[in-house]
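Worksheet: one structure, shown below.
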Amino acid sequence: PELLASGIKVIDLAADFRLRDVSTWEHWYAAKHACPDLLDEAVYGLPELNREAIRNARLVANPGCYPTSVILGLLPLLKHKLIDPATIIADCKSGASGAGRNANVSTLFCEVTESVKAYGVSGHRHLPEIREVLRQLDGAADLVFTPHLMPMIRGIHATIYADAITSVADVQQIYSDYYRDEVFVDVMPEGSHPETRSVKGANQCRIAVHYLQDSNKLVVLSVIDNLVKGAAGQAIQNMNLMFAIEYKPWKIWLGLLLLIMLLVALFQMGKRFQAYELEYLQLERETLVSQIEDLKIRNRNLVQKNAHLQGGSKIERDAYEIANQNLVKLQQELLVQKEELAFYQGIVSPSDAELGVNLQTFEIRKKNNQSHFSFKMILTKSGKSTKKIQGAANVIIRGESGGKVSELKMSELGLDKQENATKFAFRYFQVFEGDISMPEGFEPFEVEIGINPSTRKVKSFTETISWAELLSEGN
């Protein structure tokens, strides 16, 4: 009452205002009604029956789930006086959610499943609600209403029987015409059998009507989702009517179309951004290549200058020291820039390349009569997925020793180490370091670097580089 007095419109999803007679309500709900003075004002919120009254209402009583399915199934028959109103039988089935959320052993799904049972045969609270509405259409209306609990979570299936009292040859057309403009009622083609799963999650009542000629009876099949058209969805439908918000199917399709267009635009923007990133990386790589060539030239000039100055006078030897220091700096700078170049070469790869590997830097040094090949390699992964790879990376040095070809291998460089995985420019790259000892007398002739992913979805990758080519790169 306080909300109504404040000018707030109310839609009641409980049963408090569904019945107009106070004594009937108190009998069936075994409680004293808190607001009996509002019963006459409340509008029964079935839009297909009371649309205009709902538009102007302050207080709407949202119908029960069983009544919604039964009343919608019978409206055309009673409006056109096609049946004997005293012969109606409503055989209804409901999922376990129809009992609400209260903890009750009898409605636990493990108790309900693989079993069907009737309940409330002697009387159910929805019986007087259905009877009251039907009698507004025909004062002689009455029915037998038997609900059943089904082994499913949601949904209501009402099978309604009644004796025909006039020609019903055009009953299919009567239903189609009656609900032609009702967006949330779907009259199915003749001979159909609606299923509860077809309305799951939808504010929809799906109806099929059958005429049994031998017994002169009409059978109406009506299905709804008890949680939507039988509850919350119907409440929203009522709210839209109360606030003059008309449902327009074309607006829904327009909204979906705009959403799809937005998603396509975002996808295209992402592809353009990736292209810009790759273009930038290509420019960076080209710049670094140019800088490295310049450094190599300066490096060679300094080497020649050192060779010229090394055996000269003190002034020349001082100049040699300075030149030598510059040479060391240039060599360090060259190393850094070559590392950067290798990085960019690794991550700038064709879009269809799933895996790539690049020997970033290496060093050959002597220790205890053995040569050591110390390396740093970069693994890149691109393509449809940018998730980390799991598996192993391998570095194999092939060479001759004692007239025989042998291999020195370092593998099991884990690809799944989180700390080594970094995302950059729509690609993941991982850097690995290692050291391979080469025994005295071992003459290497090629190096193979490769990746062996642990999943078949990603193909393995190998690349072989001749030892001479590797040394010619300079490091």
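Evaluated with a Cβ-only charge set (Lys, Arg +1; Asp, Glu -1), the stretch 1-89 carries a dipole of roughly 300 debye about its Cα centre, given to the nearest 20.
By how many nm would the segment from GLU52 to ALA34 grow when fully extended, if each residue of separation counts as 0.36 nm and the alpha-carbon distance is taken off? Let's see the in-between values first.
Values: separation 18, 0.36 × 18 = 6.48 nm, distance 2.72 nm.
Taking 0.36 nm per residue and subtracting the Cα distance, the gain is 3.8 nm.
Shown in residue order for the stretch 228-239 are the 3J(HN,Hα) couplings computed by the Karplus curve 6.51 cos²θ - 1.76 cosθ + 1.60 at θ = phi - 60°: 10, 4, x, 7, 5, x, 5, 5, 5, 4, 5, 4 Hz (x for Gly and Pro). The heavy atoms of PHE17 offer some 30 square angstrom of accessible surface to a 1.4 angstrom probe. For SER437 and SER115, a Förster radius of 56 Å and the Cβ-Cβ distance give a FRET efficiency of 0.15, rounded to the nearest 0.05. Take every pair of alpha-carbon atoms less than 8 Å apart whose residues are at least six positions apart; their mean separation over the length of the stretch 1-74 yields a relative contact order of 38 percent. At full extension, SER371 and MET269 could sit 31.6 nm farther apart than now, given 0.36 nm per residue minus the alpha carbon distance. Annotation for GLU190 and ARG300: the two label points, set 7 Å from Cα along the Cα-Cβ direction, are 9.5 nm apart.
In debye, nearest 20, what is the charge dipole magnitude of the stretch 94-150 about its Cα centre with +1 on Lys and Arg Cβ and -1 on Asp and Glu Cβ, if you could check?
120 debye
Ligands, DNA and RNA left out, the accessible area of the stretch 20-72 computed with a 1.4 Å probe is 51% carbon and sulfur. The apolar share of the surface of the stretch 146-235, taken as the fraction of accessible area on carbon and sulfur atoms (1.4 Å probe, ligands and nucleic acids excluded), comes to 50 percent.
ASN216 to ASP142: extension gain in nm, 0.36 nm per residue of separation minus the Cα-Cα distance?
Extra length available between ASN216 and ASP142 comes to 24.8 nm.
Going by a ≥ b ≥ c, the root eigenvalues of the Cα gyration tensor, does the stretch 118-243 fall in the rounded group (a/c under 1.5), the prolate group (a/b larger than b/c) or the oblate group? Rounded, because the longest to shortest axis ratio a/c is under 1.5.
Just need the relative contact order of the stretch 186-270 here, percent rounded to a whole number, with Cα pairs under 8 Å and 6+ apart.
Contact order relative to length: 21 percent.
For the stretch 173-213, the solvent-accessible area works out to 58 Å² per residue, with a probe of 1.4 Å and every protein chain left in place.
Ordering LYS200, LYS93, LYS79 by accessible area with a probe of 1.4 Å, largest first, what comes out? Don't jump to the answer; show the numbers that get you there.
Values: LYS200 140, LYS93 50, LYS79 110 Å².
Result of the area sort, largest leading: LYS200, LYS79, LYS93.
Take the alpha carbon gyration tensor of the stretch 25-71, find the square roots of its eigenvalues, order them as a ≥ b ≥ c, and report rounded if a/c is under 1.5; if not, report prolate when a/b exceeds b/c, else oblate. Taking the square roots of the gyration eigenvalues as a ≥ b ≥ c, the stretch 25-71 is oblate. The modelled label-to-label distance for the pair ASP170/LYS251, using points 7 Å beyond Cα in the direction of Cβ, is 3.5 nm. Need one word for the stretch 50-124: rounded, prolate or oblate. Basis is the Cα gyration tensor (sqrt eigenvalues a ≥ b ≥ c); a/c below 1.5 gives rounded, then a/b vs b/c decides. Because a/c hits 1.5 or more and a/b fails to exceed b/c, the stretch 50-124 counts as oblate. Here the 3J(HN,Hα) profile of the stretch 71-77, calculated from phi with Karplus coefficients 6.51, -1.76 and 1.60 at θ = phi - 60°, is 5, 4, x, 9, 3, x, 5 Hz, Gly and Pro shown as x. Ranking THR113, HIS193, GLN204 by how far each Cα lies toward the positive end of the dipole of the stretch 97-220 (charges on Cβ) leaves THR113 at the top. Computed from phi, the 3J(HN,Hα) profile of the stretch 159-171 under the Karplus parametrisation 6.51, -1.76, 1.60 (θ = phi - 60°) reads 10, 10, 10, 7, 7, 7, 10, 8, 4, 10, 4, 9, 4 Hz, with x in place of Gly and Pro.
The values are calculated or read from the model by the stated rules, or taken from the named source; none is laboratory data. These numbers were taken from a predicted model, which means no experiment stands behind them. FYI the Cβ positions are ideal-geometry reconstructions off the backbone, even for glycines, and counts take in every protein chain you see. Calculation scope for accessible area: heavy atoms of the full protein, side chains included, ligands and nucleic acids excluded. Shrake-Rupley method; radii C 1.70, N 1.55, O 1.52, S 1.80 Å.
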